[in-house]
Every structure is written in structure tokens, then in C-alpha cells.
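Below: the structure, in C-alpha cells.
The values are calculated or read from the model by the stated rules, or taken from the named source; none is laboratory data. Bear in mind the structure is a predicted one, so any value in this text is a computation, not a measurement. Note that we place each Cβ from the backbone using ideal geometry, even for glycine, and neighbour counts take in every protein chain shown.
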Amino acid sequence: GQQLNQSPQSMFIQEGEDVSMNCTSSSIFNTWLWYKQEPGEGPVLLIALYKAGELTSNGRLTAQFGITRKDSFLNISASIPSDVGIYFCAGPGNYGQNFVFGPGTRLSVLP
Amino acid sequence: ETGVTQTPRHLVMGMTNKKSLKCEQHLGHNAMYWYKQSAKKPLELMFVYNFKEQTENNSVPSRFSPECPNSSHLFLHLHTLQPEDSALYLCASSQDASGYEQYFGPGTRLTVT
């Protein structure tokens, strides 16, 4: 079935730095979603993208729907300690699959 | 209450026990989902219900039995589980099964001893 890949797998950054992560697929997606999961909690929807080339912001977060429709990017500006968590990309699968999640990028923010 | 709630938040059960997980959504959605999240693995979709009808069973073992009495409630009945079934079980809902924005509950952390 379809798979999503995320990179990097994990990252350690200093507070105040900008962060960039991406999600790729071998097949086309028509929607990209970005979620954040904190320890002991369920994923929380951050941003939804519905159109190739679309750039959408949510506070310090900005996500882009890649032109090829096979990738998406998430940027976090001026990171703060509460940005710590696992960031997942997800999208509706084709061929009857409902939803596909990437393996996640684990973000740690050092004070 | 708002959003998606799950009870219990934590559950420890023996392999011969029978227990149930409960999920309730207050968003007026018509689709509900069960996911399994194990350490270092992507979220695994288990079941999908759309307008109370099961539309997807992702080859889940029969020791997991879902029930959806109405669009707001979803249960996962557990019996004779194995230690490898220990995981975080997440419930989610969306407007319908083609509505891609899924909203998750906090999960039930299950430990099978």
C-alpha cells in the first residue's frame, strides 16, 4: 500500500531556532494534513492543505503542499519549548485506503 | 464536554480478561475510527465506521471487536489479548469517511500482562 516517509526522524534544536521537516510519498496525494502529538495525548490537527502549491500558516507554523503533489513541508519559526512533540504528516490513501500516516518527526527543543 | 473523549485513559489487563474501551465525540461527526499506536511504528488504522456502518476492517484479529451504537459513540471490546497488543489505542472522528480532517481523542494506554 501507499506509504509516507518523513525526514528527519528526529531533531534537536535550540530554543529560538527555525525548524523545517518534510514528508514524501511515491504516489500523488490530493490532501496533506499535519498533526502534532505530545506525550500521552492524541494527535492534534495543525494544518490541512488541499491544493498543490498551497502555502498555509497557523501562527508560527507554515506548511506547503508540494507542486508535484508527492511531498509537503512544515516549518516552525522561532521554536519554543512547547513545540516539543512528534509531528506527523497524513493523507487520504488511494485504492480504497482510508488514511495513511507518516512515521513522524520527533522534535526536541533545548532551552 | 467538547471534542473527542476516551475512557479509560489507562488500562492494565490480563490475557484472559475481557474489557472495553469507550470513545465519544461531541463534534456532530458521522465517521469514527480506531487506531493502534505502538512504539516506533506509524499509526495503524484498525476500523472505520461511517454513519454507524463498519466500512473498513484492516485485517484486525477477532480478539478486537468494535461496536458503534450511534454516530457519537464507539467501543472496542477486548478479549484474550496478547502482550504484543499493548499500545496506545486512539479514537478519531471526522465529518464523514471522506472528510479528511480527523480529530483524535487522548487515547487509552493499554498494557496486557
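Could you identify the single residue in B:LEU76, B:LEU45 that is more than 10 Å from chain A (Cβ to nearest Cβ) and surrounded by 15 or more Cβ atoms within 10 Å (Cβ to Cβ)?
Numbers: B:LEU45 fails: more than 10 Å from chain A (Cβ to nearest Cβ).
None of the others qualify; the one that does is B:LEU76.
State which residue pairs qualify: first residue under 20 Å from A:PHE101 (Cα atoms) and inside segment A:1-21, second residue assigned to a strand (DSSP E or B) and among the basic types (Lys, Arg) in any location, beta carbons under 9 Å apart, and separation of 6 or more residues or different chains.
Listed by first residue and then by second, the contacts come to A:PRO8/A:ARG106; A:GLN9/A:ARG106; A:SER10/A:ARG106; A:MET11/A:ARG106.
Do we have any residue at all in segment A:50-70 that's at pLDDT 95 or above and either of a type in the set (Lys, Arg) or in contact with a helix residue (DSSP H, G or I) (Cβ under 6 Å, 6 or more places away or on another chain) (or both)?
Yes; the residues of segment A:50-70 include at least one that is at pLDDT 95 or above and either of a type in the set (Lys, Arg) or in contact with a helix residue (DSSP H, G or I) (Cβ under 6 Å, 6 or more places away or on another chain) (or both).
Any residue in segment A:94-109 that is in contact with a Gly (Cβ under 7 Å, 6 or more places away or on another chain), away from chain B (no Cβ under 13 Å) and either closer than 30 Å to B:PRO8 by Cα or among the acidic types (Asp, Glu) (or both)?
Yes, segment A:94-109 contains at least one residue that is in contact with a Gly (Cβ under 7 Å, 6 or more places away or on another chain), away from chain B (no Cβ under 13 Å) and either closer than 30 Å to B:PRO8 by Cα or among the acidic types (Asp, Glu) (or both).
Are any residues in segment A:1-24 in contact with a Pro (Cβ under 8 Å, 6 or more places away or on another chain), more than 14 Å from chain B (Cβ to nearest Cβ) and among the hydrophobic types (A, V, I, L, M, F, W, C), and if so, which ones?
Passing the criteria: only A:MET21.
Looking only at segment B:48-70, count how many residues are surrounded by fewer than 19 Cβ atoms within 10 Å (Cβ to Cβ), hydroxyl-bearing (Ser, Thr, Tyr) and in contact (Cβ under 8 Å) with a residue 12 or more places away in the chain.
Count: 2.
For segment B:33-42, name all the residues that are under 13 Å from the mean Cα position of the chain (by Cα) and facing another protein chain (nearest Cβ under 10 Å).
B:TYR33, B:TYR35, B:GLN37
Every residue in segment A:22-42 that is small (Gly, Ala, Ser), out of contact with any Leu (no Cβ under 6 Å at 6 or more places or on another chain) and free of Cβ contacts under 8 Å to residues at least 12 places away in the same chain, please.
Within segment A:22-42, just A:GLY40 meets the criteria.
Does A:SER27 count as away from chain B (no Cβ under 11 Å) and outside any loop (DSSP other than H, G, I, E, B)?
no
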